[in-house]
């Protein structure tokens, strides 16, 4: 990028404008070095930081950067061993740390979750101990506090006492009648660090003393009376001690500050960086700038683009333009009448491209997209150089040649009035050759022209597009807009006519304009008017679409309101039903609770009666006795008796179980061989218990099944088989119906490959 390009496109003016938003002189230097980049990562990093600061500004206005003392020189002094900071430098250091503190508190207050702001909060260290020490040592008047050290306090106290002594002594001398004739004035002066009195030149006849100075007229002698010599000497000694102690204090304070040198350097860097991006953000806010996206396909898409310098000069009169360049288009040819805004459009495209590649936000709206060019070159204005005997045309061609020698591909080239200042036919041919060559080398080109052949070139080349700045056909005033796909017409004669130019001149000028030129201009004008009508029709269609969209939106809204009302009614009815159901549940629960209570009381009475009755009938049991378990209806042998807990261990078939004594009765008969001989229950988990009920009537089978299930549950059996056969299917159905209602059964299924056996898994 050449300096001329930055100058032509007002980029250097932009940098000067940005400096007005900064508070630190060093940041002005950083802004001056802010140049467009090719590194997309760096561009986006700058954009991220501007965006972060803009969010801070939207939250609570400006960051408190006012009156920031620049401490770079102080830091340089601290980096020099045995250097001593002055009082003014400590005051500047304290003020700088105060700004750091204010900025840190401000950033914490706004709660912006952006990386740049969060890192700044982490890095800034207000160094409160250093600030406190400086303020304890140096007061706001720029002098060292008496309390800075005990020795300084003592010296200054003695100094004060001796100064009072000498003042009192000098006052007594001046009040003495013996010196009245030679006393020039009644005040105490200080000359060469000595307290003196103004006497007339002939004072020697009345008082002895040392002359330290004379007035300009030599009519006054500033005399130190001999009586004051000793006191003045003492004061001089105390003042010397005071200065030495102050130097020692400043040296200690300097060394203390030197310990925080690293933090001071970090603080300076982050404050400068914040102020730098704060300046860019303030500019962006004032000029309604937004973040541009990087276009990876070479296209440009900017809505309502504004040149900031046009905005400054015209304020509210600024007319934005839309800048569009399709990825398939390499050339934009801007034509139109004089003073219609061609050059302004060209400069706006160039300046916004430079701003985007510098990582700046651009004055536009929507979601602007711009590519990252390898370089940007601009030729704008008359480059005639009299000193080098170059004509305007020659200088123009030399600039184009210079660009040609530099390009490598991927550049943006902006040329104002390409091929101007020479014969139109040759100028057109040369301009087309230049544009063809630049396209072949991989460049994007934007040119302005009045040449009709270049307008035709824009229509005939698939990689080119015409754009025009047009006049209002009725008022003949420029509209300062870019219209794409249409070439502009110069319309110079019509403009002159509109300016009430003499008719005689207009008529004679029109005769000199060739018929073809008339036809071409008329054709362009007709096309322009036709496009205007098309645009009007488009606006009408757009308006109708918006109206239709509003109607659809209204219908949708009414539909949603109807469904909301219907849903609300349903919900209300549901709430009523739920309330009614709750009442029913409460009533049922109340009845069930009463019924359960009654049944529990009945059961309790029966149990008490049964247990008491049975306990009376109980005979004493011995190991080996035959017994019957009444709850199960099975018999067995007593193998063990727990007298304390009244628990009896009984063997029934192959099953050993423990049960309460109250449920056992002594039997005189041997255990009958019943259905449990078929059960084969065992505590061995590797063997699956079985119940064979083939040949049983349904009632018998259900009875046997019930006892089997009880026994299996008591003995902790996990899985069992019920052998019922298939037959008519009646017994199998009854078994499965019964088992499906049992609460202790987790799962039941037919044995694989044998429907006559049901496998039962217990909980």
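Derivation of every value follows stated rules applied to the coordinates shown; laboratory data play no part. Remember, predicted model here, so these are calculated numbers, not experimental data. Every residue, glycine among them, receives a Cβ derived from its backbone with ideal geometry; neighbour counts consider all protein chains shown.
What to note about this one:
- Ranked by how many other Cβ atoms sit within 10 Å of their own Cβ, fewest first, the residues 762, 708 fall in the order 762, 708.
- Residue 591-residue 569 FRET efficiency (beta carbon distance; Förster radius 25 Å; 0.05 resolution): 0.15
- Annotation for residue 57 and residue 561: the two label points, set 7 Å from Cα along the Cα-Cβ direction, are 4.3 nm apart.
- Label sites at residue 622 and residue 401, each approximated as a point 7 angstrom past Cα along Cα to Cβ, lie 14.1 nm apart.
- For 166, 702, the sequence from fewest to most other C-beta atoms within 10 Å is 702, 166.
- Shown is the FRET efficiency for residue 185 and residue 19, computed with R0 = 35 Å from the Cβ-Cβ distance and rounded to the nearest 0.05: 0.05.
- Zone of residue 293's modelled label, taken as backbone nitrogen in segment 343-381 under 13 Å from a point 7 Å along Cα→Cβ: 366-371
- Stretch gain in nm, segment residue 304-residue 637, where the contour uses 0.36 nm per residue and the Cα spacing is subtracted: 109.3 nm
- Residue-span extension gain [residue 505 to residue 33] - 0.36 nm each, minus C-alpha spacing: 164.5 nm
- At 0.890 mPa s and 25 °C, Stokes diffusion of segment 253-341 via Kirkwood alpha-carbon radius, µm² per second: 139 µm²/s
- Cα-based shape type of segment 147-255, given that a ≥ b ≥ c are square roots of the gyration tensor eigenvalues and the cut on a/c is 1.5: prolate
- Percentage relative contact order, segment 147-255, counting C-alpha pairs under 8 Å, at least six apart: 27 percent
- Global geometry of segment 96-158, whether rounded, prolate or oblate, following the gyration tensor of its Cα atoms and the 1.5 cut on a/c: prolate
- With each label modelled as a point 7 angstrom along the Cα→C-beta vector, the residue 4-residue 41 pair spans 3.5 nm.
- FRET efficiency estimate (nearest 0.05) - Cβ-Cβ, residue 554 to residue 338, R0 35 angstrom: 0.10
- Ranked for footprinting exposure by Cβ neighbours inside 10 Å, fewest first, 732, 486 give 732, 486.
- Take 197-207, 441-451 and order them by the average number of nearby Cβ atoms within 10 Å per residue, most first; the result is 441-451, 197-207.
- Chain lengthening between residue 374 and residue 122 when straightened (0.36 nm per residue, less Cα-Cα): 87.1 nm
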